[in-house]
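For reference, the structure is listed below as structure tokens.
The values are calculated or read from the model by the stated rules, or taken from the named source; none is laboratory data. As the structure is a computational prediction, the values presented were derived from the model and not from experiment. Glycine also receives a Cβ, built like all others from the backbone with ideal geometry; neighbour counts cover every protein chain displayed.
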Amino acid sequence: MPRVLLVRHAHAIDDRAGLEDEARYLTSKGRRVTREVAAKLAELGLVPTRILTSPLVRAVQTAEILATIEAFEGPVEVHPPLTPGNPVALALAPLEDAGQHDLVFLVGHEPAMSAYAAHLLGVRRFPSFKKAGACLVRLRADGAGSFEWMLVPKTLELVESIDEIEA
């Protein structure tokens, strides 16, 4: 069964910095934390078959750092429906083509990431993702998903129960 790793972009410069929202880029902390998350994912043996990202700079930069996971062979793909405000079904449409052994990383923004997780898991609400936070979902043949874990970027620990995720 395919899996999807939902990832929120890392820390970006403040929206008061005078840039348009689309142009906000990762801070040095954001880059460092994303490298740590990528190292943890590699340690867990997670090598994506595809990485799709929102076109906003901070998400693209997060995805590019995740693409440094050894053995990843593809380019980062910009998927405009991952931009905030688009319908969930449109953002998740590439998962319909995922093969049985695929692992697709989707990199985007809150509150969309928690909405995608809720949709895939068939729950009403899903806790908010921390910046650079990641959630692994295993997709079943019927299109529904099962929660595997959520990675807390601050501690690099895996939370294996939705009920234990801090809001």
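Does Glu22 qualify as being without any contact (Cβ under 8 Å) to a residue 24 or more places away in the chain and either in a helix (DSSP H, G or I) or over 21 Å from Leu120 (Cα atoms) (or both)?
no
Filtering segment 21-51 down to residues that are of a type in the set (Val, Ile, Thr) and farther than 21 Å from His101 by Cβ, which residue is surrounded by the fewest Cβ atoms within 10 Å (Cβ to Cβ)? Talk me through it step by step, then tell me what you get.
Narrowing segment 21-51 to residues of a type in the set (Val, Ile, Thr): 27, 33-34, 37, 47, 49, 51.
Right, trim to farther than 21 Å from His101 by Cβ and you get 27, 33-34, 37.
On the way: Thr27: 16, Val33: 23, Thr34: 26, Val37: 22.
Of everything passing the filter in segment 21-51, Thr27 is surrounded by the fewest Cβ atoms within 10 Å (Cβ to Cβ).
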I'm told Glu96 meets every condition in (1) free of Cβ contacts under 8 Å to residues at least 40 places away in the same chain; (2) farther than 16 Å from Arg3 by Cβ except one. Can you identify the failing condition by its number? (2)
Which residues, taken from segment 25-51, are closer than 16 Å to Gly108 by Cα, assigned to a helix (DSSP H, G or I) and not β-branched (Val, Ile, Thr)? Gly30, Arg31, Ala38
Counted residues, segment 121-132 - those being in contact with a Ser or Thr (Cβ under 9 Å, 6 or more places away or on another chain) and closer than 19 Å to Ala93 by Cβ: 1
Test of understanding: among Val7, Val88, Val33, Val37, which residue is aliphatic (A, V, I, L, M), more than 20 Å from Lys154 (Cβ to Cβ) and modelled with pLDDT of 95 or more? Val88
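So, of the residues in segment 52-73 that are at pLDDT 95 or above and in a loop (DSSP other than H, G, I, E, B), which turns out to be nearest to the chain's Cα centre (by Cα)?
First pass over segment 52-73, keeping only residues at pLDDT 95 or above: 52-67.
Narrowing the set further to residues that are in a loop (DSSP other than H, G, I, E, B) leaves 54-56, 67.
Values: Ser54: 10, Pro55: 13, Leu56: 14, Ala67: 12 Å.
For segment 52-73, the residue satisfying everything is Ser54.
I'd like to know if segment 116-132 contains one or more residues that are among the polar types (S, T, N, Q) and in contact (Cβ under 8 Å) with a residue 24 or more places away in the chain.
From segment 116-132, those among the polar types (S, T, N, Q) are 128; that's our starting set.
Applying the additional criterion that residues be in contact (Cβ under 8 Å) with a residue 24 or more places away in the chain yields 128.
The answer is yes; a qualifying residue exists.
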Is it true that Leu90 is more than 22 Å from Ala112 (Cβ to Cβ), out of contact with any Cys (no Cβ under 9 Å at 6 or more places or on another chain), surrounded by fewer than 22 Cβ atoms within 10 Å (Cβ to Cβ) and among the hydrophobic types (A, V, I, L, M, F, W, C)? no
Among residues of segment 52-67 being touching a residue at least 24 places away in the same chain (Cβ under 8 Å) and not hydrophobic (A, V, I, L, M, F, W, C), the residue surrounded by the fewest Cβ atoms within 10 Å (Cβ to Cβ) is Pro55
So, of the residues in segment 130-158 that are among the hydrophobic types (A, V, I, L, M, F, W, C) and over 19 Å from Leu44 (Cα atoms), which turns out to be surrounded by the fewest Cβ atoms within 10 Å (Cβ to Cβ)? Ala141
